[in-house]
Amino acid sequence: MKVSNTRFRGLKVIKNINHYDKRGYFREIFKKKFSKNKNFIFWCMSKSKKNTIRGLHIQRKIQQDIFVSVVKGKIFDVVVDLRKGSKTFGKYCYNILSDKNSTSLLIPSGFAHGFCSLKNENIV
């Protein structure tokens with residue numbers, strides 16, 4: 001598992017490793033040590049058809065970090081820095097996340113987030 005910083009303070013790209021065998025594969029998704037927020041309190045999953053757009057979403061009242069990973073399929077993922085006072089305020093970053101490239105994002109609170117589904121079936 002490799003964690004890379006981006007030009008956005010707190011936004012991290014996590015490159016996971018799939019361990020394949022005759023049964024399929026095993027992937028470690030997330031470790032607490034990668035986030036300052038040690039108490040993820042809300043976990044969710046979505047299933048989307050091709051060309052579905054979800055977002056851009058942001059939490060205003062109760063802000064939270066977001067961890068995004070693709071279990072099946074491929075998405076074009078976008079984040080926008082809406083943290084006032086940030087050097088990258090108003091700027092955006094995009095990544096392709098898929099089950100094949102095993103890439104995830106750790107998005108700190110204060111970012112808007114959304115994605116477009118690129119495969120026929122996408123589980124995020």
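The values are calculated or read from the model by the stated rules, or taken from the named source; none is laboratory data. These numbers come from a predicted model, not from an experiment. Counting neighbours? That spans all protein chains shown, and the Cβs are built from the backbone with ideal geometry, glycine included. When the accessible area is computed, the model is the full protein with side chains, heavy atoms only, and any ligands, DNA or RNA have been set aside. Shrake-Rupley method; radii C 1.70, N 1.55, O 1.52, S 1.80 Å.
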Can you tell me which of (1) within 30 Å of His19 (Cα to Cα); (2) charged (D, E, K, R); (3) in contact with a Gly (Cβ under 6 Å, 6 or more places away or on another chain) is the one Lys72 doesn't meet? (3)
Considering the stretch 29-62, residues that are open to solvent by less than 50 Å² (accessible area, probe 1.4 Å), over 23 Å from Phe8 (Cα atoms) and assigned to a loop (DSSP other than H, G, I, E, B), and then whichever is modelled with the lowest pLDDT, we arrive at Ser46
Would you say Tyr25 is at pLDDT 95 or above, surrounded by fewer than 18 Cβ atoms within 10 Å (Cβ to Cβ) and either under 13 Å from the mean Cα position of the chain (by Cα) or not in a loop (DSSP other than H, G, I, E, B) (or both)? no
Kindly provide the set of residues from the stretch 63-98 that are closer than 18 Å to Ser48 by Cβ, in contact (Cβ under 8 Å) with a residue 24 or more places away in the chain and open to solvent by 30 Å² or more (accessible area, probe 1.4 Å), ordered by number. Ile66, Phe67, Val71, Lys72, Lys74, Phe76, Val78, Asn95
